[in-house]
């Protein structure tokens, strides 16, 4: 049974932004990954989880609008 998810995440002040798309793709891993893209061609990132892919798209949208994204560096 396939799980349903919203392919167009809410990234624009509570409104759906169809420039962003999340899809399940086989990309060399054992299982398909949720892949976030901007305007169908710019890869934002991949995640095993839908919520993480939505956060990637939201962060990309915020950065495009001038927000500074601070990332923690691992050891």
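GNM remark for the chain: springs join alpha carbons under 10 Å apart, and the peak mean-square fluctuation among 43, 56, 24 falls on 43.
A simple spin-label model places pseudo-atoms 7 Å from Cα toward Cβ; at residue 41 and residue 68 they are separated by 3.2 nm.
Take every pair of alpha-carbon atoms less than 8 Å apart whose residues are at least six positions apart; their mean separation over the length of the chain yields a relative contact order of 21 percent. By the compact-protein rule of thumb, 2.2 N^0.38 Å, the alpha-carbon radius of gyration of the chain corresponds to a ratio of 1.14. Over the chain, DSSP H runs of length four or greater, each weighted -39,500 (n - 2.57), average out per residue to a 222 nm ellipticity of -6500 deg cm²/dmol.
Bear in mind these aren't lab numbers, they're just calculated from the coordinates by the rules spelled out. From a predicted model like this one, the values you see are computed outputs, not experimental measurements. For neighbour counting, all protein chains shown are included, and Cβ atoms are generated from backbone atoms with ideal geometry for every residue, glycine included.
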